[in-house]
1. What is the distance in Å between the Cα centres of the stretch 142-204 and the stretch 38-63?
2. Counting C-alpha atoms alone, how compact is the stretch 18-102: give Rg to one decimal and Dmax as a whole number, in angstrom.
3. Pull out a ≥ b ≥ c, the square roots of the eigenvalues of the alpha-carbon gyration tensor of the stretch 94-179, then state rounded if a/c is under 1.5, prolate if not and a/b is larger than b/c, and oblate in the remaining case.
4. From the phi of every residue in the stretch 73-82, what ³J(HN,Hα) in whole Hz does the Karplus formula 6.51 cos²θ - 1.76 cosθ + 1.60 yield, where θ is phi - 60° and glycine or proline is x?
5. Rounded to two decimals, what is the ratio between the C-alpha radius of gyration of the stretch 25-71 and 2.2 N^0.38 Å?
6. What does the convex hull of the alpha-carbon atoms of the chain project to on average, in nm²?
7. Where in the chain is the longest stretch that carries no GluC sites (Glu not before Pro) classed as loop by DSSP and with at most 14 other Cβ atoms within 10 Å?
8. With a Cα-only, solvent-free Debye model of the stretch 75-114, what are the log10 I(q)/I(0) values at q = 0.33, 0.35 Å⁻¹?
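Throughout, read-outs are computed from the coordinates displayed, never taken from laboratory work. Here the structure is a predicted model, which is why all the values come from computation and not from measurement. As a convention, Cβ positions derive from the backbone with ideal geometry for all residues, glycine included, and neighbour counts pool all protein chains shown.
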Amino acid sequence: MRGKLIVLDGPDGGGKTTQIQLLREALEREGWKVLTVREPGGTRVGERVRAILLDPALGEMGRRTELFLYMACRAQLVEERLAPAMDRGEVVLCDRFLSSSVVYQGIAGGLGMEEVIRVGEFCVGGVRPDLTVILDVDVETGTARRGARKADRVEAQAREYQEEVRLGFLALARSQPDRVRVVDARADAAQVQAAIWGLVKKIL
Ligand code: TYD
C-alpha cells in the first residue's frame, strides 16, 4: 500500500478530536490528500454497531461480545474505506484503532494483550499503522475535560478501569517503541500539535 496510516489514541479526554483536525490541516498544507475516520464507526454498518456499544441503557456487556463488536466495526472500516484510501496513496488519520481494543478490552478488560492483538490481526488483514500517537492524560484531567457532557456507557465505568486504561496505553507504547509514541496531552493544544507534527514528519 502506498499511503500512510496514522492513529491517534489514548484515554478519554486527551483531545484527539482537536488534534486530528489540526493534523489534517497541517498535512493538507503539505499537499497530502487526507481521509479522517473514527472508531467505532465511520461506515453505515459501523455507526449502527457504535450505537449499541455506547448505549448507557444496555448496561453490562460481556467483554468478549464487546471486543467482537469493536472488531466488526473495524473490519468494515478497513475494507470499505481505509484500505482503498491507502491504495490510492492517501494519508488516513484514524481516531482510535486496534490499539484501543488492545488496551480497553485486552489490558484493562482482562482479555489479554496478546490475545486481542491476534484477533485484531485477523480482523485488519495486513493493515498496520505507520505511527500510533498516544495522547496521554491523567484520569482527573480527562474527566474534567469531558465537563458536563453525560458519560457514555464506556466512560461510566469504574475509576479503576479508567486508571488501567491510562497505564495500558503507556504499557503498549513501551512494548512497541518504534511505532507507538506518547505525547503529554495536558499541555496546551498548540504544544501538543507541535509534538505530534514532529513525530509525523519522520514517517512521511
Ligand atoms: P470514542 O468515540 O473515541 O469516545 P470519545 O468521543 O469519548 O473519545 O470511543 C468511544 C469509547 O469506546 C471510548 O471510551 C473507548 C472505547 N473503545 C473501546 O473500548 N475499544 C475499542 O476498540 C474502541 C475503538 C473504543
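1. Rounded to whole Å, the Cα centres lie 21 Å apart.
2. In order Rg, Dmax, the Cα atoms of the stretch 18-102 give 14.4, 45 Å.
3. Numbers: a/c = 1.86, a/b = 1.67, b/c = 1.11.
Prolate, because a/c is 1.5 or more and a/b exceeds b/c.
4. 4, 5, 4, 5, 5, 5, 5, 7, 10, 6
5. On the way: Rg = 15.4 Å, N = 47, 2.2 N^0.38 = 9.5 Å.
That works out to 1.62 for the stretch 25-71.
6. Details: hull surface 42.3 nm².
Computing the convex hull of the Cα atoms and averaging its projections yields 10.6 nm².
7. Values: sites that count: 30, 60.
Longest site-free region, per DSSP loop and neighbour criteria: 61-204.
8. -1.00, -1.06
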